[in-house]
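Novice: Mind looking over this structure? Questions follow.
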Amino acid sequence: MQTKIKLELDLSKRTYIMGILNRTPDSFSDGGLYMDEKEAIGRVFEMVSEGADIIDIGGESTRPGAEQVSVVEEMDRIIPIIRAVRQKIDVPISIDTYKAEVAREALKNGAVMINDITGLRGDSRMATLAAEYDVPIVVMHIKGTPRTMQQDIHYDSLLEEIIASLQDSIDLAVKSGVARNKIIIDPGIGFGKTTEHNLTILKNLGAFKALGYPILVGISRKSFIVNTLKKYSIHDRDIAAGGRLMGSASAAALSIANGANILRVHDVKEMVQVARIADAINSAKQ
């Protein structure tokens, strides 16, 4: 087994699945499930067996209202997991953090991708770090911070503002030396957006293609699914956080149809099936 798996994705051929491992006590869907180290390692192996193309490991919740954790605590949560699995899986590991110090330690220990929810604005050192290690980096749009992002949400022009913000992140990355073929964009579903904003973004994913970069979307189990279903008198008891599978699958399929290249998901096995069918339909002959 290689000591460091390089991330080489041919996004022109199929949709890729990024499996989520939140090693946090307070994430909105799976908080507390993987605080035990053996459980966390086991979940990584399970997602690989289910067909994940990337494993995204995070140690700080970014749900609405979430509080920051220290660099030390975040590293204590994620570095042991990376070390434990890096030579036992042939799937690349992504580090979900906006702190350059955490990302550097993760890269030193076997991660080969950075997923930054702040679009490089949370830590001025992140872009140069990505350039130094020559790794892919996801730059996401967020309005505000996890603690404030769902308060007083307003856009004068939703799509245009998000595209402009992502372009600023791209420019920062390139200026810092990140190769253009290492940049992935994420419109930030649920991060400073209302339910209607999220639906509009997913319907118009094609607009983000104008930026010229692969698109990652994180729709898995998010609250816009619940909020949308409530409009049709489908009740909370039927769509609890762990039971948002069908809504997530619907959003995933439409996201692929509208231009998504990578899906960040909790339910790997099911979303692999969704992606393969959506890809087959997209590639069918005229």
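The values are calculated or read from the model by the stated rules, or taken from the named source; none is laboratory data. Since this is a predicted model, take the numbers as computed values, not measurements. All Cβ positions, even for glycine, are placed from backbone atoms using ideal geometry, and neighbour counts span all protein chains on display.
Novice: Has segment 227-236 got at least one residue that is aliphatic (A, V, I, L, M) and touching a residue at least 24 places away in the same chain (Cβ under 8 Å)?
Specialist: Within segment 227-236 (the criterion being aliphatic (A, V, I, L, M) and touching a residue at least 24 places away in the same chain (Cβ under 8 Å)), the answer is no, since none of the residues qualifies.
Novice: In this structure, is ALA164 surrounded by fewer than 23 Cβ atoms within 10 Å (Cβ to Cβ), modelled with pLDDT of 95 or more and farther than 23 Å from SER94 by Cα?
Specialist: yes
Novice: If you check GLY42 against the conditions, is it in contact (Cβ under 8 Å) with a residue 60 or more places away in the chain and either surrounded by fewer than 18 Cβ atoms within 10 Å (Cβ to Cβ) or among the aromatic types (Phe, Trp, Tyr) (or both)?
Specialist: no
Novice: Might you check whether a residue that is under 20 Å from PRO64 (Cβ atoms), modelled with pLDDT under 95 and not in a helix (DSSP H, G or I) occurs anywhere in segment 247-265?
Specialist: Within segment 247-265 (the criterion being under 20 Å from PRO64 (Cβ atoms), modelled with pLDDT under 95 and not in a helix (DSSP H, G or I)), the answer is no, since none of the residues qualifies.
Novice: Moving on. Please enumerate the residues belonging to segment 105-121 that are farther than 14 Å from ARG83 by Cβ and in contact with a helix residue (DSSP H, G or I) (Cβ under 7 Å, 6 or more places away or on another chain).
Specialist: Correct list: ILE114, ASP116, GLY119, LEU120.
Novice: Quick check: is even one residue across segment 98-110 part of a loop (DSSP other than H, G, I, E, B) and over 21 Å from LYS175 (Cα atoms)?
Specialist: Within segment 98-110, one or more residues are part of a loop (DSSP other than H, G, I, E, B) and over 21 Å from LYS175 (Cα atoms).
Novice: Might you check whether a residue that is surrounded by fewer than 22 Cβ atoms within 10 Å (Cβ to Cβ), within 23 Å of ASP96 (Cβ to Cβ) and small (Gly, Ala, Ser) occurs anywhere in segment 148-157?
Specialist: Scanning segment 148-157, I find no residue that is surrounded by fewer than 22 Cβ atoms within 10 Å (Cβ to Cβ), within 23 Å of ASP96 (Cβ to Cβ) and small (Gly, Ala, Ser), so the answer is no.
Novice: Which of the residues spanning segment 92-101 are in contact with a helix residue (DSSP H, G or I) (Cβ under 8 Å, 6 or more places away or on another chain), of a type outside the set (Gly, Ala, Ser) and either buried (at least 21 other Cβ atoms within 10 Å of the Cβ) or over 25 Å from LEU120 (Cβ atoms) (or both)?
Specialist: Listed by number, the residues that qualify are ILE93, ILE95, THR97, TYR98, LYS99.
Novice: Please verify whether VAL272 is modelled with pLDDT under 90, part of a helix (DSSP H, G or I) and out of contact with any Ser or Thr (no Cβ under 8 Å at 6 or more places or on another chain), treating the condition exactly as stated.
Specialist: Taking the combined requirement at face value, the residue does not satisfy it.
Novice: Further question on the same structure: Could you look through segment 183-217, keep only residues that are surrounded by fewer than 19 Cβ atoms within 10 Å (Cβ to Cβ) and among the basic types (Lys, Arg), and pick out the one that is nearest to ALA130 (Cα to Cα)?
Specialist: LYS209
Novice: Show the residue pairs meeting these rules: Cβ distance below 9 Å; 6+ apart or different chains; first residue within segment 146-166 and under 25 Å from SER61 (Cβ atoms); second residue loosely packed, with under 13 Cβ neighbours inside 10 Å.
Specialist: Once the first residue is under 25 Å from SER61 (Cβ atoms) and sits in segment 146-166, its partners that are loosely packed, with under 13 Cβ neighbours inside 10 Å give PRO146/GLU67; ARG147/GLU67.
Novice: May I pose another question? Exactly one of (1) part of a helix (DSSP H, G or I); (2) more than 17 Å from GLU37 (Cα to Cα) is unmet by THR62. Its number?
Specialist: Condition not satisfied by THR62: (1).
Novice: A follow-up question, please. Among the listed residues MET47, MET113, identify the single one that is surrounded by 19 or more Cβ atoms within 10 Å (Cβ to Cβ), farther than 27 Å from ASP171 by Cα and at pLDDT 95 or above.
Specialist: Just a single option satisfies the conditions, and that option is MET47.
Novice: Can you tell me which residues in segment 131-161 are acidic (Asp, Glu), at pLDDT 95 or above and either touching a strand residue (DSSP E or B) at 6+ places or on another chain (Cβ under 7 Å) or under 20 Å from GLU196 (Cβ atoms) (or both)?
Specialist: Residues satisfying the conditions are ASP156, GLU160, GLU161.
Novice: If you don't mind, another one. For GLY242, are the conditions met, namely being modelled with pLDDT under 95, outside any loop (DSSP other than H, G, I, E, B) and closer than 21 Å to ASP56 by Cα?
Specialist: Taking the combined requirement at face value, the residue satisfies it.
Novice: If you check GLY59 against the conditions, is it closer than 20 Å to VAL138 by Cα, surrounded by 17 or more Cβ atoms within 10 Å (Cβ to Cβ), in contact with a helix residue (DSSP H, G or I) (Cβ under 6 Å, 6 or more places away or on another chain) and modelled with pLDDT of 95 or more?
Specialist: No.
Novice: Of the residues LYS203, LYS269, LYS209, which is in contact (Cβ under 8 Å) with a residue 24 or more places away in the chain and under 24 Å from ILE137 (Cα atoms)?
Specialist: Going through LYS203, LYS269, LYS209 in turn, the sole match is LYS209.
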